[in-house]
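J.: One structure is given below, represented as structure tokens, and several questions about it will come after.
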Amino acid sequence: MDLALAEARMAGARGEVPVGAVLVLNGEVVASAGNRTRERNDVTAHAEIEAIREGCRIIGDERLPGADLYVTLEPCTMCAAAISFARLRRLYYGAEDPKGGGVDNGVRFFSQPTCHHAPEVYSGFSAQAATDILKQFFAEKR
């Protein structure tokens with residue numbers, strides 16, 4: 001999660017909402033990313049999707065069974081769907097997102113009967129650090 005937090009800080013320094021993600025397979029970091037939506041003018045360039053895209057490119061497959069994703073903020077519904085479609089094994093996330101989350105808040109994507117694959121989900125990892133990064137970023141924007 002420390003690497004995901006570092007990615008979040010770098011995203012914030014670029015003016016992006018500070019969210020970071022790290023993809024791990026067989027105990028090795030395969031990919032890491034931070035949000036790049038503003039930089040790329042791409043609403044889908046969330047940290048989770050960027051890490052999944054890079055992991056798929058490196059592995060050479062559209063699916064990543066056995067891989068785990070560490071994210072600083074609860075994924076939104078779009079990212080939860082990507083996590084499901086990539087067949088990730090586990091999701092670890094830091095801060096909950098009552099307003100925009102799609103895992104334990106909002107639509108609770110993995111609990112829906114239409115969800116084809118649900119990873120194991122673990123929340124609260126470095127939650128305070130992730131929350132602090134987000135709060136500081138938005139405080140500076142105001």
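The values are calculated or read from the model by the stated rules, or taken from the named source; none is laboratory data. On a predicted model such as this, the values are computed, not experimentally measured, just so you know. Reconstructed Cβ throughout: ideal geometry from the backbone, glycine too, with neighbour counts over all protein chains shown. Calculation scope for accessible area: heavy atoms of the full protein, side chains included, ligands and nucleic acids excluded. Shrake-Rupley method; radii C 1.70, N 1.55, O 1.52, S 1.80 Å.
J.: Hey, among Y93, Y122, which residue is buried (at least 20 other Cβ atoms within 10 Å of the Cβ) and at pLDDT 95 or above?
T.: Exactly one of Y93, Y122 is buried (at least 20 other Cβ atoms within 10 Å of the Cβ) and at pLDDT 95 or above, namely Y93.
J.: May I pose another question? How many of the residues in the stretch 31-61 are β-branched (V, I, T) and either under 12 Å from A86 (Cβ atoms) or crowded, with 21+ Cβ neighbours inside 10 Å (or both)? Talk me through it step by step, then tell me what you get.
T.: Just the residues of the stretch 31-61 that are β-branched (V, I, T), to begin with: 37, 43-44, 49, 52, 58-59.
Then keep just the ones that are either under 12 Å from A86 (Cβ atoms) or crowded, with 21+ Cβ neighbours inside 10 Å (or both); that gives 49, 52, 59.
Result for the stretch 31-61: 3.
J.: Now for a separate question. Looking at E39, E48, can you tell me which residue is over 23 Å from A139 (Cβ atoms) and of a type in the set (D, E)?
T.: Details: E39 fails: over 23 Å from A139 (Cβ atoms).
It is E48.
J.: Is it the case that V17 is open to solvent by 30 Å² or more (accessible area, probe 1.4 Å), touching a residue at least 40 places away in the same chain (Cβ under 8 Å) and farther than 21 Å from T114 by Cα? Break it down into steps so the answer makes sense when it comes.
T.: Working: open to solvent by 30 Å² or more (accessible area, probe 1.4 Å): yes; touching a residue at least 40 places away in the same chain (Cβ under 8 Å): yes; farther than 21 Å from T114 by Cα: yes.
Yes.
J.: When both residues are 6+ apart or on different chains and their Cβ atoms are under 6 Å apart, which pairs have a first residue that lies in the stretch 35-60 and is without any contact (Cβ under 8 Å) to a residue 12 or more places away in the chain, and a second that is part of a loop (DSSP other than H, G, I, E, B) and open to solvent by 20 Å² or more (accessible area, probe 1.4 Å)?
T.: These pairs meet every condition: A45/R36.
J.: Within the set of pairs 6+ apart or on separate chains, which have a first residue in the stretch 114-142 that is on the phi > 0 side of the Ramachandran plot, a second that is in a loop (DSSP other than H, G, I, E, B) and surrounded by 12 or more Cβ atoms within 10 Å (Cβ to Cβ), and C-beta atoms under 6 Å apart?
T.: Listed pairs, sorted by first residue: S126/M1.
J.: From L23, L64, which residue is within 19 Å of P119 (Cα to Cα) and over 14 Å from the mean Cα position of the chain (by Cα)? Even if it seems obvious, please write down each step before you answer.
T.: Details: L23 fails: over 14 Å from the mean Cα position of the chain (by Cα).
Exactly one residue qualifies, and that residue is L64.
J.: On to the next question. Test each condition in (1) surrounded by 14 or more Cβ atoms within 10 Å (Cβ to Cβ); (2) within 27 Å of D132 (Cβ to Cβ) for L25 and report the one that comes out false.
T.: (2)
J.: Which one of R63, R53, R57 is in a loop (DSSP other than H, G, I, E, B) and out of contact with any strand residue (DSSP E or B) (no Cβ under 7 Å at 6 or more places or on another chain)? Full working, then the answer.
T.: Details: R53 fails: in a loop (DSSP other than H, G, I, E, B); R57 fails: in a loop (DSSP other than H, G, I, E, B).
Being in a loop (DSSP other than H, G, I, E, B) and out of contact with any strand residue (DSSP E or B) (no Cβ under 7 Å at 6 or more places or on another chain) holds for just one of R63, R53, R57, which is R63.
J.: Oh, and also: How about the stretch 86-128: which of its residues are outside any strand (DSSP E or B), out of contact with any helix residue (DSSP H, G or I) (no Cβ under 7 Å at 6 or more places or on another chain), within 11 Å of L73 (Cα to Cα) and polar (S, T, N, Q)? Show your work before the answer.
T.: Residues of the stretch 86-128 that are outside any strand (DSSP E or B), as a first pass: 86-89, 96-119, 124-128.
Checking the rest, the ones that are also out of contact with any helix residue (DSSP H, G or I) (no Cβ under 7 Å at 6 or more places or on another chain) come to 87-89, 96-101, 104-105, 108, 111-114, 124-125, 127-128.
Going one step further and asking which of them are within 11 Å of L73 (Cα to Cα), we end up with 96-98, 100-101, 124-125, 127-128.
Within the stretch 86-128, Q128 is the sole residue that qualifies.
J.: If only one of T131, T72 is at pLDDT 95 or above, in a strand (DSSP E or B) and either surrounded by 15 or more Cβ atoms within 10 Å (Cβ to Cβ) or not polar (S, T, N, Q) (or both), which one is it? Before you say what the answer is, go through the steps one by one.
T.: Working: T131 fails: in a strand (DSSP E or B).
Unique residue meeting the criteria: T72.
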